[in-house]
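Here is the structure we will look at, set down as structure tokens.
The values are calculated or read from the model by the stated rules, or taken from the named source; none is laboratory data. Fair warning: this is a prediction, and the values are worked out from it, not measured in the lab. As a convention, Cβ positions derive from the backbone with ideal geometry for all residues, glycine included, and neighbour counts pool all protein chains shown. Only protein heavy atoms, including side chains, enter the accessible area calculation; ligands, DNA and RNA are left aside. Shrake-Rupley method; radii C 1.70, N 1.55, O 1.52, S 1.80 Å.
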Amino acid sequence: MADPLLAFFTVMDGQGGFVVKEAPKFDLDLYIQNYRGRTRFDRLFLVGRSSVPLCIDALKAAIAEAKRGRDPQRYREAVDCLRIAAPNEPEAQFDYAWLDGIEASNRNETHRLTAELKGYKNNLIKESVRMGNEDLGKHLESIGDLNGAAEAYSRMRPDVSTPKHLVDVGKHLVRVALQRREWSMVNAHLAKMGGHQGPEDEKALQPYLKITQGIAYLGLDQYHEAALSFLAADAGVPSTAYNEIASANDVAVYGGLLALASMERTALQNMVLDNSTFRTFLELEPHIRRAVTQFVNGRYSACIATLEAHKSDYLLDIYLQKHIPKIYSKIRSKCIVQYLIPFSCVTLDTMSTAFGHAGQSIEDELVTMIRDGSLKARINTIDRLVTTVSADPRGSLQSSALKTAQDYKKQAIDRLRRMSLAAAELELKGVKKTTGQHALGGGNEIMYDESVLV
């Protein structure tokens, strides 16, 4: 690694960022062609800040992408990074002529659109007001003023006149909320978008709703709900309907990884491998299908090895990156627990061979799993054995039988008491209470409590 690059990633590591030293398995140009809109810059910039092999190429591509847009702040951020990582590159020098020109153009355009919107409001034409707010919102979003864009899009809602307009407003607000990482707001806007169009339009909108909802649940750490959303996405709709947010390949990766982390073997077989709709997505990422199949078939070490081989790719995804350590930890824990089920004891050396990293022992990981309750086992450090704590079926059966007997006894006593009351011809009467003078009539008001036995 060159010295400037070393200094750059030292800064990134100090800021809490992820540093990925392994080269990803995707081609950067082919990867970014799957997307459109502002997410292209976000993804290029993340790759440039995280991947050591692709750093310079990704930052240069991010600068070119920023100059195709109208957001000067994005251009400054990308150039600042490239000036540290590769100061001798031509793109590392600020293009002040472009900056001054785009900032002046943005101010003029903002002023023009604001003046037009004011004129539309004076004319009281609802459709013109809606379109004026939409144009202003798109402009503010393109220049990086997300707060202003959200306000402009929100002002469109009172002036919508067709179901399509309502869906367009929702898409605008969802897109801004995703960029601001406001996951709860994403779900709130999505809830207002469905059920307003005809069957064909609803079918075309379905994958957008499910994929966006899955990303929002992922951001909220609700992995099982996110997996269900991705698995329900309709693969028959072209990816152009949602590629400003994610690609079809992303759906396969998100759905497969989150299903592995949150579902049991039977659910994985039924909802992932046997899911005819999701199978189309899985064909784009065969290693995800392979990993799920290996887990279902009990080849746990092979499953982990398959996922580890592609970990560098997932660490360069804008939505997955910060969740990968937790997701991989959940999958490893599930594999270890399932691996130990058939055995009463396993040597630590065998466990290290199956699940340990090169030169590292798995003992510390097992201790952590035992302490948090995810693994019921004991570790014999003298004989280097992992002994599983099997459930006591006889004790469980006896406890259940005793509880059933106690419940039956209580019910029998209650029934006998009621029979005795009926046989003694005892009556249930209310207790009279005098509340003093009535507010209007001056008489005594008689009220009755709940019936009690007298």
With the condition kept exactly as written, say whether any residue in segment 218-227 is under 21 Å from Arg38 (Cβ atoms) and not charged (D, E, K, R). yes
Given (1) modelled with pLDDT under 95; (2) under 26 Å from Ala241 (Cα atoms), index of the condition Gln93 fails: (2)
Would you check if there is a residue in segment 340-359 being at pLDDT 80 or above, in a helix (DSSP H, G or I), over 24 Å from Gln294 (Cα atoms) and of a type in the set (Val, Ile, Thr)? no
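So, Gln93, is that one over 22 Å from Arg107 (Cα atoms) and surrounded by fewer than 16 Cβ atoms within 10 Å (Cβ to Cβ) or not? Can you show your working first?
Values: over 22 Å from Arg107 (Cα atoms): yes; surrounded by fewer than 16 Cβ atoms within 10 Å (Cβ to Cβ): yes.
Yes; evaluated as a whole, the condition is true for this residue.
Considering only segment 305-327, state which residues are assigned to a helix (DSSP H, G or I) and touching a Leu at 6+ places or on another chain (Cβ under 7 Å). Spell out how you get there, then give the answer.
Initially, segment 305-327 is screened for residues assigned to a helix (DSSP H, G or I), giving 305-309, 311-314, 321-327.
Those that are assigned to a helix (DSSP H, G or I) and touching a Leu at 6+ places or on another chain (Cβ under 7 Å): Tyr314, Gln321, His323, Ile324, Ile327.
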Go through segment 1-55 and count every residue that is open to solvent by less than 40 Å² (accessible area, probe 1.4 Å) and either among the acidic types (Asp, Glu) or in a strand (DSSP E or B) (or both). 2
For segment 150-180, which residues satisfy the criterion of being over 22 Å from Leu205 (Cβ atoms) and of a type in the set (A, V, I, L, M, F, W, C)? Ala152
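Does Pro207 meet the test of being open to solvent by 70 Å² or more (accessible area, probe 1.4 Å) and within 19 Å of Tyr35 (Cβ to Cβ)? Show your work before the answer.
Numbers: open to solvent by 70 Å² or more (accessible area, probe 1.4 Å): no; within 19 Å of Tyr35 (Cβ to Cβ): yes.
Answer is no for this residue.
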In the set Met193, Met185, which member is of a type in the set (A, V, I, L, M) and open to solvent by 60 Å² or more (accessible area, probe 1.4 Å)? Met185
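Can you find a residue that is small (Gly, Ala, Ser), under 30 Å from Phe45 (Cα atoms) and outside the structural domain of Thr277 (by TED's automatic domain parsing) anywhere in segment 181-194?
Initially, segment 181-194 is screened for residues small (Gly, Ala, Ser), giving 184, 188, 191, 194.
Going one step further and asking which of them are under 30 Å from Phe45 (Cα atoms), we end up with 184, 188.
Okay, now just the ones that are also outside the structural domain of Thr277 (by TED's automatic domain parsing), so none.
Scanning segment 181-194, I find no residue that is small (Gly, Ala, Ser), under 30 Å from Phe45 (Cα atoms) and outside the structural domain of Thr277 (by TED's automatic domain parsing), so the answer is no.
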Here is a check on your reading of the model: is Gly373 under 19 Å from Gly298 (Cα atoms) and at pLDDT below 80? no
Filter segment 124-180 for residues that are surrounded by fewer than 16 Cβ atoms within 10 Å (Cβ to Cβ) and in a loop (DSSP other than H, G, I, E, B) and give the result. Leu124, Ile125, Ser161, Thr162, Arg180
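Here is a yes/no grid of residues against (1) in the same structural domain as Gln294 (by TED's automatic domain parsing); (2) aliphatic (A, V, I, L, M); (3) closer than 30 Å to Ile288 by Cα; (4) within 35 Å of the chain's Cα centre (by Cα):
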| position | (1), (2), (3), (4) |
| --- | --- |
| His323 | no, no, yes, yes |
| Lys326 | no, no, yes, yes |
| Lys330 | no, no, yes, yes |
| Met369 | no, yes, yes, yes |
| Ile379 | no, yes, no, no |
| Arg384 | no, no, no, no |
| Leu397 | no, yes, no, no |
| Ala405 | no, yes, no, no |
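For segment 298-308, indicate whether the set of residues that are of a type in the set (Asp, Glu), in contact with a Lys or Arg (Cβ under 8 Å, 6 or more places away or on another chain) and surrounded by fewer than 20 Cβ atoms within 10 Å (Cβ to Cβ) is non-empty. Walk me through how you get there before you give the answer.
If we filter segment 298-308 for residues that are of a type in the set (Asp, Glu), which is where we start, we get 308.
Now restrict to residues that are in contact with a Lys or Arg (Cβ under 8 Å, 6 or more places away or on another chain): none.
The answer is no, given that none of the residues of segment 298-308 is of a type in the set (Asp, Glu), in contact with a Lys or Arg (Cβ under 8 Å, 6 or more places away or on another chain) and surrounded by fewer than 20 Cβ atoms within 10 Å (Cβ to Cβ).
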Positions within segment 232-252 being under 14 Å from the mean Cα position of the chain (by Cα) and open to solvent by 10 Å² or more (accessible area, probe 1.4 Å), in sequence order: Asp250
In this structure, does Gly37 turn out to be of a type outside the set (Lys, Arg), more than 26 Å from Ala309 (Cα to Cα) and modelled with pLDDT under 95? yes
Which residue pairs have Cβ atoms closer than 7 Å, lie 6 or more positions apart in sequence or on different chains, and pair a first residue in segment 135-149 that is of a type in the set (Val, Ile, Thr) with a second residue that is open to solvent by less than 20 Å² (accessible area, probe 1.4 Å) and outside any helix (DSSP H, G or I)? Ile143/Asp71
Flagged in segment 397-454 as modelled with pLDDT of 80 or more, among the polar types (S, T, N, Q) and open to solvent by 70 Å² or more (accessible area, probe 1.4 Å), in numbering order, are Gln398, Ser399, Thr404, Gln406, Gln411, Ser420
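Tell me the residue from Leu228, Leu218 that is open to solvent by less than 40 Å² (accessible area, probe 1.4 Å) and out of contact with any Lys or Arg (no Cβ under 8 Å at 6 or more places or on another chain), please. Before you say what the answer is, go through the steps one by one.
Details: Leu228 fails: open to solvent by less than 40 Å² (accessible area, probe 1.4 Å).
Among Leu228, Leu218, only Leu218 is open to solvent by less than 40 Å² (accessible area, probe 1.4 Å) and out of contact with any Lys or Arg (no Cβ under 8 Å at 6 or more places or on another chain).
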